[in-house]
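The values are calculated or read from the model by the stated rules, or taken from the named source; none is laboratory data. Everything numeric here is computed off the predicted structure, so don't read it as measured data. Every residue, glycine among them, receives a Cβ derived from its backbone with ideal geometry; neighbour counts consider all protein chains shown. Ligands, DNA and RNA are stripped out before the accessible areas are found, and what is left, the full protein with its side chains, is counted by its heavy atoms. Shrake-Rupley method; radii C 1.70, N 1.55, O 1.52, S 1.80 Å.
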Amino acid sequence: MQTLAVGCGAGFSGDRVDAAIPVVKTLIARGGPAALMFENLAERTLAHQHLIRRAHPSLGYEPLLEQELRPILADCMQHGIPIIGNFGAANPQGAAQRIVHLADQLGLPKPRIAVVQGDDLSNAQGRALVKQHLPDGFDDARFVCANAYLGAFEIAQALKEGAQIVVTGRVADPSLLLGPAIAHYQWRATDWDALAGATMAGHLLECGAQVSGGYFADPGKKDVPGLDNVGFPIAEIFPDGSCVVSKADDTGGLVDCRTVKEQLLYEVHDPAAYITPDVVADISQARVEQLGANRVRLHGVKGHPRTATLKVLAYFDGGWLGEGEISYAGPNAEARARLAMDVMQKRMGRHMPLRFDLIGISSILGDDQGRMLSGMPTTLATDVRLRVAAKHASLAPIDLLLQELTALWTGGPAGGGGVRVAKRQRLSNLACLIPREQIPARFEFV
């Protein structure tokens, strides 16, 4: 049986929309069975898309969907490369319809699109189920959404039945690769080692350029060539679940044992028990080997039976975050920035706790209480930007904070400028485990 190759076209919502082009070209040039995955769905991304769908019922899917697919849709359909993406977010049906419209715009035949459903537990029935498993933390008044992490087998079945594109909402990130691997190799639900190996291949690809040098780069310590044209990764999946990771041809970046090991351990709490909806993967004895330039083999991953439960993440209204910045430059800049900070504290600190940063002096390593900043002597810095931020359950105090920051432009210390203010809704979340039989997954063609 020919080896399956799976390329990654996106590692998060907001990723580069041209990243998939060289990946698809490489898959076509190499020949053989192939698939393309788009991983667009971080946890907060999904919750924010639920909020957007509340305001605009036709939206709620990946906002860059059309820009991602437009450059590669024709080539994928012509060369039989199925596309699997969680770009459906809070509205998979809406995403599917947008793709149908895009294909029509491009003069392509209507693609056969499958939509995986069952993850969204935001309706009344789903809410009641989640509430049973969050008896002490569920707040009806603040509830926004809840989604379960589904697995790969519905994706696989849709591909077996001829889907050219599979749109999902919340699925486990590695399942986007595991689905086409199951379909290609006809793995059973109890082929634990193969499922685990391909799951870890999906884990390597799910963050896009992280495994091909992007998040790895550290000049002088971990140099990566051509980072301005970093290539996205491709994994060749073998019948036993092992894989070889490479990247798109004629691109920058780097795939070596170091990049693979870093990504292999990324977001993994227990290397001997990486829990997904499909399998529990054990990489404690796995082997990573350099086969050649930008080619790394991963093998020796072991698999254990999947858990009886699925993870569910519920989101709640968390109030508002407001932040503003104003710059001070030239002689005595830091002293003027500190005076502005003192003004803001006296005028607004009684309403809510404030976080201050002096960008250029202390920001990333500072603390919310300002202990580090208050203990630092004033410097001779001539380029300082004050940042103030706060959170509150209500919007009105946040608006007042931003008005006060803007007023420092003329009502505060001399020479302030470059004023910027912003506010956004905050979300909080709670996780629980629910028996998988209570969350049946399914798919349908549109």
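Here's the yes/no breakdown for (1) in contact (Cβ under 8 Å) with a residue 60 or more places away in the chain; (2) under 25 Å from Pro174 (Cβ atoms); (3) touching a helix residue (DSSP H, G or I) at 6+ places or on another chain (Cβ under 9 Å):
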position	(1), (2), (3)
Leu4	yes, yes, yes
Ala10	yes, yes, yes
Ala19	yes, yes, yes
Asn40	no, yes, yes
Glu43	yes, yes, no
Leu59	no, no, yes
Ile72	yes, yes, yes
His79	no, yes, yes
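Taken over region 331-361, the criterion of being at positive phi and either open to solvent by 70 Å² or more (accessible area, probe 1.4 Å) or touching a residue at least 60 places away in the same chain (Cβ under 8 Å) (or both) is satisfied by Asn332 alone.
Any residue in region 374-390 that is open to solvent by 60 Å² or more (accessible area, probe 1.4 Å), part of a helix (DSSP H, G or I) and of a type in the set (A, V, I, L, M, F, W, C)? No, region 374-390 contains no residue that is open to solvent by 60 Å² or more (accessible area, probe 1.4 Å), part of a helix (DSSP H, G or I) and of a type in the set (A, V, I, L, M, F, W, C). Here the helices (runs of 4 or more DSSP H) wholly within region 1-108 that include at least 1 residues being closer than 27 Å to Arg295 by Cβ are 20-30, 65-69, 73-78.
The strands (runs of 3 or more DSSP E) found wholly in region 213-292 and carrying at least 1 residues that are open to solvent by less than 20 Å² (accessible area, probe 1.4 Å) occupy 233-237, 243-247, 280-282.
Being open to solvent by less than 40 Å² (accessible area, probe 1.4 Å) and not basic (Lys, Arg) narrows it down to one residue among Ala55, Ala42, Ala47, Ala29; which is it?
On the way: Ala55 fails: open to solvent by less than 40 Å² (accessible area, probe 1.4 Å); Ala42 fails: open to solvent by less than 40 Å² (accessible area, probe 1.4 Å); Ala29 fails: open to solvent by less than 40 Å² (accessible area, probe 1.4 Å).
From the options Ala55, Ala42, Ala47, Ala29, the qualifying one is Ala47.
Residue by residue, here is whether (1) at pLDDT below 95; (2) of a type outside the set (Lys, Arg); (3) under 26 Å from Asp191 (Cα atoms) holds:
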{"residue": "Val296", "(1), (2), (3)": "no, yes, yes"}
{"residue": "His304", "(1), (2), (3)": "no, yes, yes"}
{"residue": "Lys311", "(1), (2), (3)": "no, no, yes"}
{"residue": "Trp320", "(1), (2), (3)": "no, yes, no"}
{"residue": "Ala340", "(1), (2), (3)": "no, yes, no"}
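Taking first residues from region 100-122 that are farther than 16 Å from Gly80 by Cβ and partners that are open to solvent by 10 Å² or more (accessible area, probe 1.4 Å) and of a type in the set (S, T, N, Q), the Cβ contacts under 7 Å between residues at least 6 apart in sequence or on separate chains come to Val115/Gln93. Take the residues in region 401-414 that are more than 33 Å from the chain's Cα centre (by Cα) and not polar (S, T, N, Q); name whichever of them is surrounded by the most Cβ atoms within 10 Å (Cβ to Cβ). So, considering only residues that are more than 33 Å from the chain's Cα centre (by Cα) and not polar (S, T, N, Q), the one surrounded by the most Cβ atoms within 10 Å (Cβ to Cβ) is Gly412.
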